[in-house]
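Just below is one structure, and these are the notes that go with it.
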Amino acid sequence: MNMEEQNKQREEVCPGKKGKLDLETARARIAETKGPEFWRSLEELAGSAEFREMMHREFPKGASEWADSVSRRGFMKLMGASLALAGMTACTKQPLEPIVPYVKQPEEVIPGRPMFYATAFTLGAYARPLLVESHLFRPTKIEGNDLHPASMSGTDLFAQASILGMYDPDRSQTVTYLGDVNSWQGLANSLRGPLTAQKGLQGAGLRILTRTTSSPTLADQLFTLLKAYPQAKWHVYDPVNRDNVRAGAQMAFGEPVEAQYQLQNADVILSLDADFLYATYPGNARYIRDFVGRRNPEPGNAMSRLYVAESTPSTTGAKADHHLPLRAAEVESFARAVASVLGVSAGGAKLSDEQQKFAAAVAKDLQDHRGSSVVIAGDQQPPVVHAIAHAVNQVLGNAGKTVIYTQAVDANPIAQTDSLRDLVSDMRAGKVDLLVILGGNPVYDAPADLGFADALKNSNISLRVHLGLYHDETAELCHWHVNEADYLESWGDTRAYDGTVSIVQPLIAPLYEGKSVYEMVALLAGQSDATGHDLVQSNWKKQHPAPDFDMFWRRSLNNGWIEDTAFAPRQVSLKTASFPPPSRAVAQGVEINYRPDPSIYDGRFSNIGWLQEVPKPMTKMTWDNPVMIGPAMADRMGLKTEDLVNLSLNGKSVTAAIWVQAGHPDNSITVFLGYGRRRAGRAGTGAGFDMYPLRYSATPWFAAGVDITKAGGTYKLATTQGYQTMDTDVGARPEVRTAALDEYRKEPNFARDESVPPSLTLYKPYDYKDEAYAWGMTIDLNACVGCNNCIIACQSENNIAVVGKEQCIIGRHMHWIRVDAYYQGDRDHPKAYFQPVPCQQCENAPCEVVCPVGATTHSTEGLNDMVYNRCVGTRYCSNNCPYKVRRFNFLLFQDWDTPQYKMMRNPDVTVRSRGVMEKCTYCVQRINEHRIDAERENRKIEDGKLQTACQQSCPASAIVFGNINDAQSRVSKLKAEPRNYGLLVDLNTRPRTTYLAEIRNPNPELES
Ligand code: SF4
């Protein structure tokens, strides 16, 4: 059966897909129907019959049908697919050098007791400080480093999922020469002659291309190498770079300083297209913590106010008290208008009445909060917007209070697009004899107009060497490829957003004898046997020559950072507070925005199944990157979700599917980078659409004049947006409850439901009074920023399988916690909300009474347990669950064979087979571990020490878990707050998980 026939069959069995509304129909229905106040999709907003049918089902109908006979015979597992141990050196081999466990861990390995080690994951030069859980020297789970100022225990989804990246069996496993297996020694021999020749030429033909790095050791190695080869050049390129940020600081202050925001001091925040709460933004874990800390609506707390003007709906925009959708090119005009009111000479700006009103209100609020406000410009905005933001912060006296300036975290802060352009020009001019590419994949992700791939292939470069985790598109065009060691397998150092250095210590010896970037640079310097450990340590010995070096080293490894390495604030002064109006008017025509993908970033994570399958924050899209377009524009063009279109810009064109996104600015589209890979691995190859061919060096973030034409036909997208929708009886008991701050102060109990009498049940209530513990959870919607971290943390902790796009389309995704995105109001400019939904652990659990074999039962501590061994797969329980939080293994989703995944799994959690229902258990394995410890030490479990995986990873501290039998526990206190409410409590389910309503702090001037 071909794909089209399969889709047709699926249409017939899946009402959620069958009745998908086009915009015309949806608009007509919306006009005649009073839809719900909060909605998740256009179908829901329109109140379609098809949508209601889907809502009343436990799973989308197709989930329980055998729509594909091939799937029945042999499901292709996307996490691994039974690779042999090709190239793997050993299982659970400890690194050769001594590594140091975190804080108070015993140093002896006790089987069954995990150890924790501090290390750091780096993205775009910025470290994310971590603690890694290790079982018998097998790293199994990532947590944030709770003592590190840049983490404070929060992480992000990229760091969480990096453990699956380390175990990815598709990683490159050997050194190759012209595609054939070779060796490190073979490479050393091959380099000897060319390097000697370059010595004589002072390195005139030597070029090194790296990704952005903040590593002090690597920078020292490369600058030392450049001294030995003075004519050689070190180029840097990342497709998601901060060129605009640097150029903006240069324009404002005359030096490329970096801004660090102190959001804990900010009463008013203006984001100019800056998604500073999402994982793609440096320092986001700390920013979330500081931002959320100022959003407490209880009396006695001064709640901050957030304004966001943005070109693409984002998680930061969703948290805004006021949100203004703008085309990316209009953000500059808006910034100029605000700045002009505040005394910065920023030229006139033509704004619409709505924009003008917004700008005036924001400017007044900033003015009223001099010294306690902050303006943040987004990395995608041009340098002048950054310079204006700096000028406004200076004029308002915010510098030193809500924003400080430091030296750049980047060890080689050069303009990266120019750097890559220079390299291509040297390649074409025949000036490059030896090119060493250390990480990165420029053949795939370089700007289209530079023609990097062509220059690499067709210039006369004698030797091209590539170091990378995958034998990717760039490796394919190089003579030598070296399999890179993952950061969890290698030594290194890196800086957090505040400059603090972390030593990266390996958790396991390299699985495939990979080499780190440090060892590659040492090889170029003639030290083919140098180890990463010795290179990093000797660099720090130079910085810390004191006799107590061993103590210093141990302490740094133990804590996860080196003391006193945070950058000191720099005094800067404005070079100019005058910004002449732009010489050219804002370009007309449809604008195209390029953004790093929220899940797979620039494409480097495209083979990590967890990230492919996590529903993206605003669209709940999995496995794809459709073109985002606003509803009004889609109406005008007659486009609907899943239509295929051709996008053409400057002579290049890409065909991709459409996604109509509520709240997207008009006359503008957004495309996400990182998809359409040719050589990513089984999960990433072929997924989505490659948008890099439309990206040019002069317009890396947005461009005007993209031509959109219908390509004919449709393309299946795997969004979970409409799935697992709870039937809440429109308007009567909304899932999301929200109020403005002053309304809340007047009516604090607005979110509470009338309580159902405890006697209203056929079953005898269990008395928990005599139990030591009764577990419960609260989730604060005010704090949740929709970062998806909890989903990945839960997946990692509980060995949850990836199912693949086809299975997601028919609603079989397995996540135990989902984060629903709700919209409220007008589809062109709605407010957005996030609501994480795990199992609600109902006291009167509807799932328990219908299970014919007693596989789901109630524990004496109030948990709704799942006994996998008893489950016979009737699925009555999920049918009876009003929250739709149970997941069924329709196929053998788990990869039981690939050796790497056996090493990765949490040994404390069962790996489920097919035909079994599974669900959130409040991480019962963690509860048991803490209970055993407490009983052994004859004490009770201390409040706050026992955390579920979602709670521990949450950078916003939105999730609180604990003992509701203890009136003094944090969870009990939160449940006593007036904002506390339960979902669907009128069903008398008595959920143990409850929510704290979201409170906004609107500006009265913008409310009318
Ligand atoms: S609850 Fe989940 S989605 Fe919300 S902020 Fe915490 S980790 Fe992110």
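The listed peptides 159-169, 701-711, 741-751, ordered by packing as a protection proxy, come out as 159-169, 701-711, 741-751 (highest mean of other Cβ atoms within 10 Å first). For region 709-840, the solvent-accessible area with a 1.4 angstrom probe is 36 square angstrom per residue. Net charge dipole, the chain: roughly 600 debye, given to the nearest 20, about the Cα centre with Cβ charges of +1 for Lys and Arg and -1 for Asp and Glu. The stretch between ASP986 and LYS945 holds 11.5 nm of extra length on full extension. This uses 0.36 nm per residue minus the Cα-Cα distance. Projected over every direction and averaged, the convex hull enclosing the alpha-carbon atoms of region 787-829 yields 4.3 nm². Remark: for residue pairs LYS515/LYS805; LYS769/LYS975; LYS710/LYS805; LYS401/LYS575; LYS233/LYS652; LYS357/LYS831, the C-alpha separation exceeds 26 Å in LYS515/LYS805; LYS233/LYS652. Solvent exposure of region 525-589 amounts to 64 Å² per residue of accessible area, where only protein heavy atoms count and the probe is 1.4 Å.
Modelled label positions at ASP548 and SER183, each set 7 Å beyond Cα in the direction of Cβ, lie 4.6 nm from each other.
Of all DSSP-defined beta bridges confined to the chain, some 55% are antiparallel rather than parallel. For region 877-922, place one equal point scatterer on every Cα, skip the solvent, and apply the Debye formula. What is log10 of I(q)/I(0) at q = 0.29 Å⁻¹? Log-scaled intensity ratios, in q order: -1.13. Taking only protein heavy atoms and a 1.4 Å probe, the accessible area of region 548-601 is 53% carbon and sulfur. Descending by average beta-carbon neighbour count within 10 Å, the peptides 789-802, 302-315, 824-837 line up as 789-802, 302-315, 824-837, the highest first. Take 985-993, 242-250 and order them by the average number of nearby Cβ atoms within 10 Å per residue, most first; the result is 242-250, 985-993.
At 1.567 mPa s and 4 °C, plugging the Kirkwood radius over alpha-carbon pairs of region 725-788 into Stokes-Einstein gives what diffusion coefficient in µm²/s? So the translational diffusion coefficient is about 82 µm²/s. Per-residue ellipticity at 222 nm, computed for the chain from helices alone with -39500 (n - 2.57) per DSSP H run of at least four residues, works out to -7500 deg cm²/dmol.
Grab the other residues whose beta carbon is less than 11 angstrom from that of ASP243, score K and R as +1, D and E as -1, and report the net.
Summing Lys/Arg as +1 and Asp/Glu as -1 gives -2.
If the chain linking LYS902 and ALA967 were pulled fully straight, counting 0.36 nm for each residue of separation and taking away their Cα-Cα distance, it would gain 19.2 nm. Taking only alpha carbon atoms, region 104-263 gives an Rg to Rh ratio of 1.05, where Rh is the Kirkwood radius. Of all DSSP-defined beta bridges confined to region 611-690, some 65% are antiparallel rather than parallel. Restricting to bridges with both residues inside region 428-534, how much of the DSSP beta-bridge set is antiparallel, in percent to the nearest 5? Antiparallel bridges: around 30 percent, rounded to the nearest 5.
Across all Cα atoms of the chain, the radius of gyration (one decimal) and Dmax (whole number) stand at 27.8, 91 Å. No solvent, one uniform scatterer per C-alpha: report log10 I(q)/I(0) for region 531-601 via the Debye equation at q = 0.27, 0.28 1/Å, two decimals. Taken in order of the listed q values, log10 I(q)/I(0) reads -1.22, -1.27.
Working from the Cα coordinates of region 924-966, the gyration tensor eigenvalues give, after taking √(5λ), semi-axes of 21, 11, 8 Å in decreasing order. Compactness of region 896-935 is given as radius of gyration and Dmax, 13.1, 38 Å, from Cα positions.
If you stretched the chain out fully between VAL872 and ARG570, how much longer would it get, using 0.36 nm times the residue separation minus the C-alpha to C-alpha distance?
In short, 102.2 nm is gained.
Spin-label model, THR709 to VAL109: label points 7 Å out along the Cα-to-beta-carbon direction sit 6.3 nm apart.
Each residue of region 959-973 is assigned a 3J(HN,Hα), and the resulting list reads 9, 10, 10, x, 9, 7, 6, 9, 5, 8, 5, 5, 5, 5, 5 Hz, derived from the Karplus form 6.51 cos²θ - 1.76 cosθ + 1.60 (θ = phi - 60°), x at Gly and Pro. Inter-label distance, ARG745 to SER759: 4.2 nm, where each label sits 7 Å from its Cα along the C-beta direction. Counting Lys and Arg as +1 and Asp and Glu as -1 over every other residue whose Cβ lies under 13 Å from the Cβ of SER271, the net charge comes to -3.
Enclosing the Cα atoms of region 940-1008 in their convex hull gives a volume equal to 142 cubic angstrom per residue. Positive contributions from Lys and Arg (+1) and negative ones from Asp and Glu (-1), summed over other residues with Cβ under 10 Å from the Cβ of TYR281, come out at -3. Solvent exposure of region 121-227, expressed per residue, is 30 Å² of accessible area, with all protein chains present and a 1.4 angstrom probe. Region 817-890 and region 361-388 have Cα centres lying 43 Å from one another. Using only alpha carbons, region 480-609 has a radius of gyration to Kirkwood radius ratio (Rg to Rh) of 1.13.
From the largest down, region 272-375 spans 38, 30, 22 angstrom on the principal axes of its Cα atoms.
Each part gets one Cα centre, and for region 520-542 versus region 391-439 those centres are 25 Å apart.
State the answer as a single residue: which of GLN795, VAL911, GLY630 lies farthest towards the positive end of the charge dipole of the chain, with beta carbon charges of +1 for Lys and Arg and -1 for Asp and Glu, about the Cα centre. The residue sitting most towards the positive pole is VAL911. Within region 517-602, list the trypsin sites (Lys or Arg not before Pro) lying in a DSSP loop whose Cβ has at most 12 other Cβ atoms in a 10 Å radius. Filter output for region 517-602: ARG584. Carbon-plus-sulfur accessible fraction, region 827-913 (probe radius 1.4 Å, protein heavy atoms only): 49%.
The values are calculated or read from the model by the stated rules, or taken from the named source; none is laboratory data. Because the structure is a prediction, the values reported are computed rather than measured. Note: ideal-geometry Cβ built from the backbone for every residue, glycine included; neighbour counts use all protein chains shown. Side chains included, ligands, DNA and RNA excluded: accessible areas come from the protein's heavy atoms. Shrake-Rupley method; radii C 1.70, N 1.55, O 1.52, S 1.80 Å.
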